[in-house]
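Undergrad: So that we are looking at the same thing, I have put the structure below in structure tokens.
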Amino acid sequence: MGDSFAYLDIVLLAMVAAFLIYRLRSALGRRTGNEKQRPDPFRPEEAATRRQPATVAPRSLPERAAAAERPAPEAPEPSGPIADGLRQIAAADPAFTADWFMAGARKAFTQIVEAFAKGDMQALRPLLNDDVYGNFAAAIEARNRAGETLETTLVGVKSADILEARLNGRAAYIAVKFISEQVNVTRNRAGEVIEGDPVRVVTITDIWTFARDVRSRDPNWSLVATRNSN
């Protein structure tokens, strides 16, 4: 008789434990692989997969950005001070390679150009440092106050070359010269063209400097300076 009651107690306790586990999993939820992550065009998918749990898929770049880019031409191997700077950065950050960085830089260029034209400050925020973001935001706000819209079609990035690479303490800096073909049109409130030509493709040269703290666990590079080629 005592053994029967003991057996029933064990069964009841097991049922209560199973119920509590079920409620706990319902309350906490499960990882589905769709959790939002900070977009990082510089992080190669292979490395992202290796560093993250298998259940979390790396974020892919917008399809439009990929379609807008032309295949990158063969770039000459860096030499001199550029090569020295790249070696210093790689020594401080073993995950760094120039090829992966340049692939990310081209994608970041596309994302930033298109986000600026759309006035999408949320998309710009994680890719820019505070100073550059402030300049971009001010230009977007001025455009909005004037009732103007900017239409940009990035036909393609003709070339992207490293002009400078250096390591200053724990901060890595890489300046990249982008030559791109774009169609840029500014319209007023009435939709009239006040600047640019909707059927004219122009070649634009930009020099952008990206930076990253090589000791940071954050793999993102940020745009910290922009200038033209003049």
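Where a number appears in this text, it was derived from the coordinates with a stated rule and is not lab data. In this text the structure is predicted, and so the values were computed from the model without any measurement. Here Cβ is always computed from backbone atoms with ideal geometry, including for glycine, and neighbour counts include all displayed protein chains.
Undergrad: Work out the charge dipole of the stretch 61-228 with +1 on the Cβ of Lys and Arg and -1 on the Cβ of Asp and Glu about the Cα centre, then indicate which of 100, 110, 214 is farthest towards its positive end.
TA: Positive-most Cα among the choices belongs to 214.
Undergrad: If neighbour count is taken as other Cβ atoms inside 10 Å, put 229, 180, 159 in order from fewest to most. Don't skip to the answer; put the middle values down first.
TA: Working: 229 10, 180 23, 159 14.
Listed from fewest to most nearby Cβ atoms, that is 229, 159, 180.
Undergrad: Please report, in whole Å³, the volume per residue of the convex hull around the C-alpha atoms of the stretch 180-222.
TA: Here the figure is 120 Å³ per residue.
Undergrad: While we're looking at this one, here's another question. Length gain on complete extension for the stretch residue 177 to residue 153, per 0.36 nm per residue less the alpha carbon to alpha carbon distance?
TA: Working it through step by step, the gained length comes to 6.7 nm.
Undergrad: Still on this model: Could you list 203, 153, 209, 110 so that the one with the fewest beta carbons within 10 Å of its beta carbon is first and the one with the most is last?
TA: Details: 203 10, 153 15, 209 19, 110 24.
Ascending Cβ contact count within 10 Å gives the list 203, 153, 209, 110.
Undergrad: In debye, nearest 20, what is the charge dipole magnitude of the stretch 61-228 about its Cα centre with +1 on Lys and Arg Cβ and -1 on Asp and Glu Cβ, if you could check? Kindly include the intermediate steps, with their values, before the conclusion.
TA: Working: 20 positive and 23 negative charges, 50 e Å.
In debye, rounded to 20, the stretch 61-228 gives about 240.
Undergrad: Can you pull out the GluC sites (Glu not before Pro) in the stretch 156-224 whose DSSP state is coil and whose Cβ has at most 15 other Cβ atoms within 10 Å?
TA: Taking the stretch 156-224 and a limit of 15 other Cβ atoms within 10 Å, the loop GluC sites (Glu not before Pro) found are 192.
Undergrad: Of the peptides 138-148, 82-92, how do they stack up when ordered by the mean number of other Cβ atoms within 10 Å, highest first?
TA: The peptides rank, most packed first, as 82-92, 138-148.
Undergrad: A further question on this structure: Please list, in chain and number order, the residues 5+ apart from residue 225 or on another chain whose amide H is under 5 Å from its amide H, with Hs placed from the backbone.
TA: Correct list: 209.
Undergrad: Multiply the residue separation of residue 161 and residue 143 by 0.36 nm, subtract the distance between their alpha-carbon atoms, and state the gained length in nm to one decimal.
TA: Length difference between fully extended and current span is 3.4 nm.
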